[in-house]
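Heads up: the structure comes next, in structure tokens.
The values are calculated or read from the model by the stated rules, or taken from the named source; none is laboratory data. On a predicted model such as this, the values are computed, not experimentally measured, just so you know. Because the Cβ atoms are built from the backbone with ideal geometry, glycine has one as well, and the counts that use them run over all protein chains shown.
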Amino acid sequence: MTTPTSQLDAERLHQAVVGLRDVLRATELPLDVRGAAEAREERDAVVNQLDDYVIPRLAAWDAPLLTVVGGSTGAGKSTLVNSIVGDVVSRAGVLRPTTSAPVLVVNPDDRPWFIDDRVLPGLARATGASDGDQDPNSVRLVEAASLTPGLAILDAPDIDSVVSRNRDLGAQLLAAADMWVFVTTAARYADAVPWDLLATAGARGTSVAVVLDRIPPAAQDEIRRHLASMLAEHRLGDAPVFVVPEVTLDPRGLLPGDRIGPLRDWLLDLASDQQRRAAVVQRTLTGALDALGERVGVVTAGVGEQSEAIAALLTEVQEAYDGAAAGVEQGMSDGTLLRGEVLARWQEYVGTSEVFRQLESALARLRDRISAALTGKPQPARPVGEALQTGAAALIIANAEAAASTAARRWRGHPAGEALLADHPELAAPGGDLEERVQRVVRDWQSMIFDMVRTEGKDKRSTARFMAYGVNGIGVMLMLATFASTGGLTGAEVGIAGGSAALAQKVLEAIFGDQAVRALARRAREDLLERTAELYADERGRFTRAVEALGLPDDQGERLVAALDGVRRAR
Amino acid sequence: MHGMGRRAEDAVPDAAGIIAAAASLRDAAAVGADRIPDDVRRQVEIAADRADERTSLSALHTVVALAGVTGGGKSSIFNAFVGGDVAETGVRRPITSQTQAAVWGSELAGDLLDWLDVPRRHRVDPVPDDPLSGLVLLDLPDFDSRVTTNRAEADRILERADLFVWVTDPQKYADAVMHDDYVAPRAAASESTVVVLNHSDTVAPDDARTIEQDLLRLLRDDGVANPRVVLTSAITGAGLDELRAIVAEVVGARHAALLRLRGDLRQAAGALERTVADVDPVLGPDARNRLTEALLGAAGVDAVLDAVEADHRRRALGRTGWVFTRWFRHLRADPLRRLRLNRGRPEGTDEARRELEMLVARTSLPEPTPAARAAVDLAVRRVGEAGAEGLPSRWADAVRDTAMASADDGLRDALDRAVAAEPLGVRVPIWWRAAGVLQWVFGALVVGGIAWYAVLALLDLLRFDTADVARFDAVPYPFIMIVAGVILGVVFASVARAVAGVGGRRRRRRIRRRLSDAVARVGQAHVIAPVEAVIADHARVRELTRAALG
């Protein structure tokens, strides 16, 4: 990137970064899947850095240089800041961690740059004397005439103490800096935690100055050499290193002037040298913008994981309910529905007694016809119909229950699904009024069958057979034929209870004709399967809604990529 | 969790108690098997293994590990204990990357050091009555520098040390690494925790006291019950005597190893305890009754009962019906025979044959309807839910799985057999016999009347001069016999039929009770028992864990 020469370029980049920030902030990562924690952390960290640093810096190129003094707890950051300023602005002490609310020291002329929420918008501004009560959600603004205009020094909380809020804030403030003044000590300079941060700074090209504080004079050279080699390893070889020996502090708790001199002078020179200052800002800003690709990539990957998890969860549900639909289809064609009660009722219906059952069914029909003629109404077909209805309803209910429990079980085996189920425990059982809805489906299906019989039998109404059985009787027979034949394609499939269905088929064929019966049976069958599929879609919807309630937009990934692309193009 | 408070007052453990607790925990993990998360099982295994290993090694020695932050001055303290420059010291960080051991006393600790896998050993010249006799002091690498192998070495040794001496300094005493990654996870072994605040000479004495208080607060926050902090300076020698006295006391008591092991076992037991619930779910009569009802439906018991009732009526008709219409019943099939239930098993005759018959007995009961099957599924699921109530999810899943797996063909077979094996009671009530005799009498009356007329007719035909037939008033006796026989027979038959109907219903109820018991037994064996076995496992894990917690 070059220094934004034209106002227009700067404005475009600013807009693009704001756009990326907004997209990132709106990015939802609600599911606890693999990589979600890192993605969330990275998202928050990037949003913070854009808000705290990149956006304000792009908006105001000539704002003062924000130097953050950061490092381990007990490294002497506050003492260092106080000594640079020449006054006690930040409390130093032996208790760790000492500083939990950051202190920002500025020249009175620079105050307008920092008093509003241009930088660090997440932190409140406190001014005046410290009341000792440190609120970690605010930054205390201190004016010091001893600082050159154009330089602001922030005393940050530590990055490695037991107080986690401090650690997070310390890291966030470092990300908001134009330049780090990284403070470490003789005992600390090889610690793992600060080096993780320094490695990141090195990789991103952040401007860093290192202060080796509290060094026993005898060990000065050895430690300095060792530190320099470590810095070089982390691409920070050009970072200036200042050594501040362990000395007795003056009565105000400040370092003697000659000890702090080199660092102080270097900082003040930097602030007053327009060109060097711009170079420092440039380097850090470029690094931050360059790193966006990789960091947003982490978030995008997290978003991908979320979408995949959701797709996986929905597939599990789909499979469970597909299985249920297949179960119903099989139950309808393998004759199970015709056993048991249906068979018994059917026998009662066509044959009534053991003696007559031995005789030809023709005799039964004859008798039925006579009784129909005498009583003026057909033989009650209702018990058979009811038995069939109960059977079909039970089949649909049992499969719905199995599907709900299967889907819930599969979800339980999935980290994201487990959390969802904990929020929606009712998913494991079928929807509340399932039984009623199934009954309604079966009833609707039956009336549709009766309608079909009525329409088809318009011309045959007057035939003796039709009259004998009536619409209801024929409808029931059609149901029997439906459950016994596989879609009417292979004709009467004689199963265990096939005899009864075959008889029904024979009667139907006699009334409607061969072809028409098959077509009717197929239509009846398909209609029931369709109604069942609708019902199962409703059931499945409970799961889908639970997923949708997460409010995860589908296009998060694309929006992130597009926003990132916008930033890239604007540079 | 349980009993956190009582630990401080606990008596000193003995090796046998530690070994028993380890065995108990190992058993608990084995019983729990895959219903306990892998990491908890691993933790239990590690703690139990270490307990066994350490108790088999020297009980006379106490392994004290000097662990801490880089630059904290571990090696300086080590050297001060040894009384010579055994460990390398310096200003470059980190310095120590290999563990150095020093052994006090005349006893050799070779096995112990081999187990610790510390090749760099220093023998301190034995002094008579040395209070440190039996001490194995280890100078560990740091755990917070960027040299990650140091951390790995420190972690390895810390797993096996008996007493931890955490070394820190005024700069680093509040570091997250030490508190969050080291002290807090080992807080259960708090009897084994001493913290040394070294370099205390670098701050003013008042500041040092303030820091000490703050450090004690942090340690309590970490969960260390009775933290001990010693302020030292390896340079001035301050505090080293106090530290030496503390170490000497621990070494002299010779129970630091056991305390450490107990701490670890307790921590593992605590983790294990969190994977089980405090109480076991109970399968109430509600779930059981519902299951029995559903199984009765699935076993086709209603069909059986219908047959039983019909059979009763049919046989009653055979015995008590009007003699002239009894033959009619043969037109109808024997309802029990149709279901292949009435096989006339001779009771208590040949035990072996009955067994064989039971094995092959398959009834021809109708297949359960989808509704009945769904009811069984639902009932079994309810048993699973009742059995999973209040259990942690892994146990709850295991219970539900077990319940659902039980509704298989085996259950259906067992139901069929239970129904087939139940004697349906074909004994003949006494009143049937009496009524039978009566019916024969009525029949005989009719036959007698007809015969009388027949004789009269024959005599008449043969032109015998027949005396007038005997009369009651104007009605001839044979006519009275016939009419009375018919009326009495028919009326009595219908009364008997009504009584038999009542008897049939009573028999139905009795058989239903018996079948219901038989089906309940099947449910108990095939559904309830496996589920209760899982619940029993759960209880066993908790008991074993509590036993280990002591």
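The residue that is modelled with the highest pLDDT, among those in the stretch A:91-116 that are within 29 Å of A:Gln282 (Cα to Cα) and assigned to a loop (DSSP other than H, G, I, E, B), is A:Asn107. Somewhere in the stretch B:426-441, is a residue in a loop (DSSP other than H, G, I, E, B), under 30 Å from B:Ala372 (Cβ atoms) and modelled with pLDDT under 85? The answer is yes, given that some residue of the stretch B:426-441 is in a loop (DSSP other than H, G, I, E, B), under 30 Å from B:Ala372 (Cβ atoms) and modelled with pLDDT under 85. Within the stretch B:194-221, restricting attention to residues that are within 14 Å of chain A (Cβ to nearest Cβ), outside any helix (DSSP H, G or I) and touching a residue at least 24 places away in the same chain (Cβ under 8 Å), the residue that is surrounded by the most Cβ atoms within 10 Å (Cβ to Cβ) is B:Asn198. Taken as a whole, the condition of being touching a strand residue (DSSP E or B) at 6+ places or on another chain (Cβ under 6 Å), of a type outside the set (Lys, Arg), more than 20 Å from A:Pro194 (Cβ to Cβ) and free of Cβ contacts under 8 Å to residues at least 40 places away in the same chain applies to A:Pro217. For the stretch B:27-43, a residue qualifies if it is part of a helix (DSSP H, G or I) and within 16 Å of the chain's Cα centre (by Cα), and the qualifying residues are B:Asp27, B:Ala28, B:Ala29, B:Ala30, B:Val31, B:Gly32, B:Ala33, B:Asp34, B:Arg35. Looking across the stretch B:73-115 at every residue that is modelled with pLDDT under 80 and among the acidic types (Asp, Glu), the one that is nearest to B:Asp139 (Cα to Cα) is identified as B:Glu88. Within the option set A:Leu314, A:Leu268, being surrounded by fewer than 18 Cβ atoms within 10 Å (Cβ to Cβ), in a helix (DSSP H, G or I), under 16 Å from the mean Cα position of the chain (by Cα) and in contact (Cβ under 8 Å) with a residue 60 or more places away in the chain holds for one residue only, A:Leu314. Selection over the stretch A:290-311 of residues that are buried (at least 19 other Cβ atoms within 10 Å of the Cβ) and among the hydrophobic types (A, V, I, L, M, F, W, C) gives a count of 6.
Taking (1) within 28 Å of A:Arg118 (Cβ to Cβ); (2) part of a helix (DSSP H, G or I) in turn, A:Pro157 satisfies each apart from (2). As a summary of the residue check, B:Glu191 satisfies the conditions (1) surrounded by 19 or more Cβ atoms within 10 Å (Cβ to Cβ); (2) more than 8 Å from chain A (Cβ to nearest Cβ); (3) modelled with pLDDT of 90 or more except for the one numbered (3). If the condition is being part of a loop (DSSP other than H, G, I, E, B) and buried (at least 19 other Cβ atoms within 10 Å of the Cβ), then the stretch B:106-123 contributes B:Ala109, B:Val118. Check the stretch A:165-175 and report whether any residue there is polar (S, T, N, Q) and within 14 Å of chain B (Cβ to nearest Cβ). Looking through the stretch A:165-175, at least one residue is polar (S, T, N, Q) and within 14 Å of chain B (Cβ to nearest Cβ).
Every condition in (1) at the interface with chain A (Cβ under 10 Å from one of its Cβ atoms); (2) touching a residue at least 12 places away in the same chain (Cβ under 8 Å); (3) farther than 20 Å from A:Asn166 by Cα is met by B:Asp162 except one, and the failing one is (1). Every test in (1) assigned to a helix (DSSP H, G or I); (2) more than 14 Å from every other protein chain (Cβ to nearest Cβ); (3) among the hydroxyl-bearing types (Ser, Thr, Tyr) is passed by A:Ser146 save one, and that test is (1). Applying the set (1) assigned to a loop (DSSP other than H, G, I, E, B); (2) crowded, with 20+ Cβ neighbours inside 10 Å to A:Leu13 leaves exactly one unmet item: (1).
Out of all the residues in the stretch A:206-250, which are farther than 27 Å from A:Leu65 by Cα and of a type in the set (Gly, Ala, Ser)? A:Ala218, A:Ala219, A:Ser229, listed by residue number.
This table checks each residue for (1) part of a loop (DSSP other than H, G, I, E, B); (2) within 10 Å of chain A (Cβ to nearest Cβ); (3) surrounded by fewer than 22 Cβ atoms within 10 Å (Cβ to Cβ).
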residue: B:Asp125; (1), (2), (3): yes, no, yes
residue: B:Leu132; (1), (2), (3): yes, no, yes
residue: B:Ala152; (1), (2), (3): no, no, yes
residue: B:Ala184; (1), (2), (3): no, yes, yes
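Take the conditions (1) in contact with a Lys or Arg (Cβ under 9 Å, 6 or more places away or on another chain); (2) modelled with pLDDT under 80; (3) within 19 Å of A:Trp445 (Cα to Cα); A:Asp538 misses just one of them, which is (2).
Please specify each residue of the stretch B:70-97 satisfying the condition of being assigned to a loop (DSSP other than H, G, I, E, B) and among the hydrophobic types (A, V, I, L, M, F, W, C).
From the stretch B:70-97, those assigned to a loop (DSSP other than H, G, I, E, B) are B:70-73, B:83-97; that's our starting set.
Those that are assigned to a loop (DSSP other than H, G, I, E, B) and among the hydrophobic types (A, V, I, L, M, F, W, C): B:Val86, B:Ala87, B:Val91, B:Ile95.
Remark: pairs (first residue in the stretch A:225-246, within 14 Å of chain B (Cβ to nearest Cβ) and farther than 30 Å from B:Val203 by Cβ; second residue among the aromatic types (Phe, Trp, Tyr) and assigned to a helix (DSSP H, G or I); Cβ separation under 9 Å; 6+ apart in sequence or on different chains) = A:His234/A:Trp195. Considering only residues that are surrounded by fewer than 17 Cβ atoms within 10 Å (Cβ to Cβ) and over 38 Å from the mean Cα position of the chain (by Cα), look in the stretch A:189-218 and name the one that is farthest from the other protein chains (Cβ to nearest Cβ). Residue satisfying both the conditions and the ranking: A:Pro217. Within the bounds of the stretch B:477-492, is there any residue that is free of Cβ contacts under 8 Å to residues at least 60 places away in the same chain and either outside any helix (DSSP H, G or I) or within 60 Å of the chain's Cα centre (by Cα) (or both)? Checked the stretch B:477-492: no residue is free of Cβ contacts under 8 Å to residues at least 60 places away in the same chain and either outside any helix (DSSP H, G or I) or within 60 Å of the chain's Cα centre (by Cα) (or both).
Pick from B:Ala109, B:Ala188, B:Ala154: which is among the small types (Gly, Ala, Ser), within 18 Å of B:Gly73 (Cβ to Cβ) and in contact (Cβ under 8 Å) with a residue 40 or more places away in the chain? Only one candidate qualifies: B:Ala154.
Go through the residues of the stretch A:446-463 one by one and say whether even a single one is loosely packed, with under 15 Cβ neighbours inside 10 Å, at pLDDT 80 or above and of a type outside the set (S, T, N, Q). Scanning the stretch A:446-463 turns up at least one residue that is loosely packed, with under 15 Cβ neighbours inside 10 Å, at pLDDT 80 or above and of a type outside the set (S, T, N, Q). For A:Ala239, state whether it is within 18 Å of A:Val208 (Cβ to Cβ) and not assigned by TED's automatic domain parsing to the domain that holds A:Ala201. Judged against the criteria, A:Ala239 is not a match.
Kindly indicate whether any position in the stretch A:68-86 is closer than 30 Å to A:Asp22 by Cα, out of contact with any Ser or Thr (no Cβ under 6 Å at 6 or more places or on another chain) and not small (Gly, Ala, Ser). There is at least one residue in the stretch A:68-86 that is closer than 30 Å to A:Asp22 by Cα, out of contact with any Ser or Thr (no Cβ under 6 Å at 6 or more places or on another chain) and not small (Gly, Ala, Ser).
Note on the stretch B:50-105: among residues that are within 14 Å of another protein chain (Cβ to nearest Cβ) and aliphatic (A, V, I, L, M), the one that is surrounded by the most Cβ atoms within 10 Å (Cβ to Cβ) is B:Val69. The set of residues in the stretch B:257-266 that are surrounded by 23 or more Cβ atoms within 10 Å (Cβ to Cβ) and either of a type in the set (S, T, N, Q) or under 15 Å from B:Ala65 (Cβ atoms) (or both) comprises B:Ala257, B:Arg260, B:Leu261, B:Asp264.
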